[in-house]
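A single structure is presented below for examination.
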Amino acid sequence: MSHFGHNLRVLRQRKRLTQVQLGRLAGVSDGIVCMYERARAPATPSTGSAIALALGVILETLTGPRLPPV
């Protein structure tokens, strides 16, 4: 099971970024960031990679084991 949405939120909060800020850094809308965090839509490999790059992590950090909350 992927913990992409949860891990995305945790990492975004650790970096003290809003969904809007992360979206701009990754080249996606804040609505997409929100949908991914809430597991309302699956991330494409290219979008997931762009978000990971914006957060300064590898994609496997987002898709791997559940990270502890902030």
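Quick one: which residue in 23, 27, 48, 31 is in contact with a helix residue (DSSP H, G or I) (Cβ under 9 Å, 6 or more places away or on another chain), on the phi > 0 side of the Ramachandran plot and at pLDDT 95 or above? Let's see the steps before the verdict.
Details: 23 fails: on the phi > 0 side of the Ramachandran plot; 48 fails: on the phi > 0 side of the Ramachandran plot; 31 fails: on the phi > 0 side of the Ramachandran plot.
Criteria check complete, one pass: 27.
Further question on the same structure: Looking at segment 25-35, which of the residues that are open to solvent by less than 40 Å² (accessible area, probe 1.4 Å) and in contact (Cβ under 8 Å) with a residue 24 or more places away in the chain is nearest to residue 3 (Cα to Cα)?
Among residues in segment 25-35 that are open to solvent by less than 40 Å² (accessible area, probe 1.4 Å) and in contact (Cβ under 8 Å) with a residue 24 or more places away in the chain, the one nearest to residue 3 (Cα to Cα) is 33.
Can you name every one of the helices (runs of 4 or more DSSP H) wholly within segment 1-64 that holds 1 or more residues which are among the polar types (S, T, N, Q)? Step through it out loud before you land on a result.
On the way: elements: 4-14, 19-26, 30-37, 45-55, 59-63.
Qualifying helices (runs of 4 or more DSSP H): 4-14, 19-26, 45-55, 59-63.
Taking the condition of being free of Cβ contacts under 8 Å to residues at least 12 places away in the same chain and crowded, with 16+ Cβ neighbours inside 10 Å, how many residues in segment 36-58 meet it?
The total comes to 1.
For segment 10-24, name all the residues that are open to solvent by less than 30 Å² (accessible area, probe 1.4 Å) and without any contact (Cβ under 8 Å) to a residue 12 or more places away in the chain. Walk me through it before giving the result.
Narrowing segment 10-24 to residues open to solvent by less than 30 Å² (accessible area, probe 1.4 Å): 10-12, 22-23.
The one that is open to solvent by less than 30 Å² (accessible area, probe 1.4 Å) and without any contact (Cβ under 8 Å) to a residue 12 or more places away in the chain: 23.
The values are calculated or read from the model by the stated rules, or taken from the named source; none is laboratory data. No experiment lies behind these values; they were computed from the predicted model shown. Note that each Cβ is placed from the backbone with ideal geometry, even for glycine, and that neighbours are counted across all protein chains shown. Note: areas computed on protein heavy atoms with side chains; ligands, DNA, RNA excluded. Shrake-Rupley method; radii C 1.70, N 1.55, O 1.52, S 1.80 Å.
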